[in-house]
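The values are calculated or read from the model by the stated rules, or taken from the named source; none is laboratory data. Bear in mind the structure is a predicted one, so any value in this text is a computation, not a measurement. Heads up, the Cβs are rebuilt from the backbone with ideal geometry, glycines too, and the neighbour counts pull from every protein chain shown.
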Amino acid sequence: MPSELAVEAEGLTKTYKEKVALDGVDLAVPGGTVHGLLGPNGAGKTTAVRILATLTIPDGGRASVAGHDVVSQSRQVRRSIGLTGQQTAVDDLMTARQNLTMFGRLFRLPKAQARRRAEELLELFSLEEAADRSPKRFSGGMRRRLDLAASMILAPQVLFLDEPTTGLDPAGRREVWEAVENLAAQGTTVLLTTHYLDEADKLCDRISVIDHGKNFVEDTPAGLKRRIGEERLEVVAADPAELNRLAELVRSVVGVEVSTDDSQARISVPVPDGVGALTSAAAEIRAQGLAIADIGLRRPTLDEAFLHLTGGSQAVGPQPSQPNTPKTLEETR
Ligand SMILES: Nc1ncnc2c1ncn2[C@@H]1O[C@H](COP(=O)(O)OP(=O)(O)OP(=O)(O)O)[C@@H](O)[C@H]1O
Ligand SMILES: [Mg+2]
């Protein structure tokens, strides 16, 4: 039965030598949506995309893209997808327009059609002004948009974007986001990988958080934020040596596992009743005579949700207490 899911994966596994890259990844991406694969370096994002794009065969599990099995029907899959990886494929010796026309020809479009498609794509990705220049002098964002345009020559049903904005400055990222939003508005299903929470938040209908080759959670950006509580109580110890005592105190007041960040002597915990938690914690801290540098309430960013869900995975379920130290994305490298 043809599925309405544009991308479907069940229990994908992949091991390189003894390195487990994927350890059972599941995905279900409805057609016409933008889905994020969010995870730190080495989480398995590129491996998952490579399998879905038929560049690599999984060791176990199954997956289909646009209704075709990625192993037994790889040819049909390839006809339905576009892929933009980290490396750019455009040629600096040609103009943007010539590049796109050349890609059209490579995909065997007749000359006139290749030219027409190039014009459409220049417009779709707001590159008309730059059409007659070489990508050599493009900004990072323009270049990435030209890459996106090149992967859209055949208007694929499903587009894989592996870290579409890595290395771009904020303006470049916004340009690429706009381009992705345009594609989504045209009904292209997009599966994108990213380390950036704000990117997933902005672009994705749903997000799969993966780490160590496994799904941690799948939700909408808003749902992800809700999972860790709308508000967080943050306490900064005046003396880092007292951090653990303070963490234990806050935990006992709030009744929820707390995250500690040793480098900043900071404790952070989701609190449904923010003001109540703040006042009780402050009173208890004073009663115990502990010194703090700061205390306050903050709304979580998606970054925090993510770190909480992967680095601090113990805190997600009802598991035994142990203050967890959220890792930054850099630290998980
Ligand atoms: N060809 C390969 N040979 C050996 N190990 C590999 C290979 N490709 C990936 N790995 C390992 O598999 C794991 C997952 O890698 P993958 O590239 O899928 O992660 P990623 O989430 O895309 O990371 P990044 O954010 O750094 O791009 C990593 O530990 C990586 O070192
Ligand atoms: Mg990768």
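Some notes on this structure:
- Residue satisfying all of: in the stretch 210-240; at pLDDT 90 or above and aliphatic (A, V, I, L, M); nearest to V271 (Cα to Cα) among these: L233
- Filtered by the rule that a residue be more than 14 Å from ligand 1 (Cβ to nearest atom) and surrounded by fewer than 21 Cβ atoms within 10 Å (Cβ to Cβ), the stretch 9-58 gives E10, G11, D26, A28, P30, G31, G32, T33.
So that you can scan it fast, the table gives a plain yes or no per residue for (1) away from ligand 2 (no atom under 16 Å from the Cβ); (2) in contact with a strand residue (DSSP E or B) (Cβ under 9 Å, 6 or more places away or on another chain); (3) of a type outside the set (G, A, S); (4) within 25 Å of V217 (Cα to Cα):
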{"position": "G36", "(1), (2), (3), (4)": "no, yes, no, yes"}
{"position": "A53", "(1), (2), (3), (4)": "no, yes, no, yes"}
{"position": "V71", "(1), (2), (3), (4)": "yes, yes, yes, no"}
{"position": "V77", "(1), (2), (3), (4)": "yes, yes, yes, no"}
{"position": "T95", "(1), (2), (3), (4)": "yes, no, yes, no"}
{"position": "F103", "(1), (2), (3), (4)": "yes, no, yes, no"}
{"position": "R115", "(1), (2), (3), (4)": "yes, no, yes, no"}
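- In the stretch 149-176, the residues that are within 16 Å of ligand 2 (Cβ to nearest atom) reach residues that are assigned to a loop (DSSP other than H, G, I, E, B) with C-beta atoms within less than 8 angstrom, at least six apart or across chains, in these pairs: F160/A53; D162/G85; D162/Q86; E163/Q86; E163/H195; T165/Y196; T166/Q86; T166/H195.
- Filtered residue count, the stretch 206-225, keeping only those that are closer than 22 Å to G32 by Cβ and either among the acidic types (D, E) or not in a strand (DSSP E or B) (or both): 7
- Meets criteria (touching a residue at least 40 places away in the same chain (Cβ under 8 Å), in contact with a His (Cβ under 9 Å, 6 or more places away or on another chain) and among the small types (G, A, S)) for G24: no
- The set of residues from the stretch 163-198 being of a type in the set (S, T, N, Q), within 14 Å of ligand 1 (Cβ to nearest atom) and closer than 13 Å to V34 by Cα comprises T193, T194.
- For the stretch 79-92, the set of residues classified as crowded, with 16+ Cβ neighbours inside 10 Å, under 16 Å from L154 (Cα atoms) and more than 16 Å from ligand 2 (Cβ to nearest atom) consists of S80, I81, G82, listed by residue number.
- Residues being hydroxyl-bearing (S, T, Y) and in contact with a strand residue (DSSP E or B) (Cβ under 8 Å, 6 or more places away or on another chain) - total across the stretch 261-297: 1
- Among the candidates A89, A112, A96, the residue that is at pLDDT below 95, away from ligand 1 (no atom under 15 Å from the Cβ) and of a type in the set (A, V, I, L, M) is uniquely A89.
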